[in-house]
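Working notes, structure below.
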Amino acid sequence: MRYLHFALLLFATQTLSAQSSWSAGLELQAYPTGFMPGIRIEKAMTPHDALHLRLGYNMANHGDNGVQDDERGGGFGGSLGYRYYFQSGQKGWCLGPRADVWCNRMDWKSLDAAGQTLASGTTRITVVQPTLEAGYQFRPGNSKLFVTPTLAFGYEVNVVTAGREVGQGAIFLLGIVVGMEW
């Protein structure tokens, strides 16, 4: 958690010292076993560089893709990231890293061959998820509105686990951000 506090402090000092545009919007990322809706704020640092912060909720239904036979749950968390826009003015193609931290509660079951529950329980996990994200930001005309579809690839790591082990590993995400610049 110390690293998250440091990252938020860095984000705040950088955004307060720069005199560039802000944007905010709604973000949705989906992956094969869940989705993450959130609120996103981005601060343009230069005509090509931006930092962003997302607060959201991670809804997961791993089914039998996790360690246990049935895993489902979710939790609150957020992201801190950087984007490089290849075109000036935060539009067009963009690419950058981001790091998510999720505090999830996963309910799980272990089943026998007939599908009967052998054991069940709850595991609380803190997940760190570094990803590399690419997207394309559309801005209709000279509007302050934008739409950014994204693709991301990363890795989920359960850094703190209270309870039985649950799924972690590679993750592929499709996303979209809809927002406005001011």
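Annotations for the structure displayed:
- Average projection, convex hull of the Cα set of segment 113-157: 6.9 square nanometres.
- The alpha carbons of segment 34-101 stretch over 48, 19, 15 Å along the principal axes, in descending order.
- Close amide H contacts of SER21 (hydrogens built in the peptide plane, cut-off under 5 Å, sequence separation of 5 or more or a different chain): ALA44.
- Ligands, DNA and RNA left out, the 1.4 Å accessible surface of segment 64-182 is 62% carbon and sulfur atoms.
- Here the chain yields Rg over Rh of 1.05, to two decimals, using C-alpha coordinates and the Kirkwood radius.
- C-alpha long axis of helix 2-17 to longest principal axis of the chain, angle in °: 20
- Net +/- balance of residues flanking TRP93 in space, Cβ distance below 15 Å, scoring K and R +1, D and E -1: +1
- Surface analysis of segment 63-182 yields an accessible area of 52 Å² per residue, using protein heavy atoms and a 1.4 Å probe.
- Basic side chains Lys and Arg get +1 at the Cβ, acidic Asp and Glu get -1 at the Cβ, and with that the dipole of segment 15-131 about its Cα centre reaches some 520 debye.
- Listed residues LEU174, THR131, TYR84: farthest to the positive end of the dipole of the chain (Cβ charges): TYR84
The values are calculated or read from the model by the stated rules, or taken from the named source; none is laboratory data. Not measured: the values here are computed from a predicted model. Note: ideal-geometry Cβ built from the backbone for every residue, glycine included; neighbour counts use all protein chains shown. Only protein heavy atoms, including side chains, enter the accessible area calculation; ligands, DNA and RNA are left aside. Shrake-Rupley method; radii C 1.70, N 1.55, O 1.52, S 1.80 Å.
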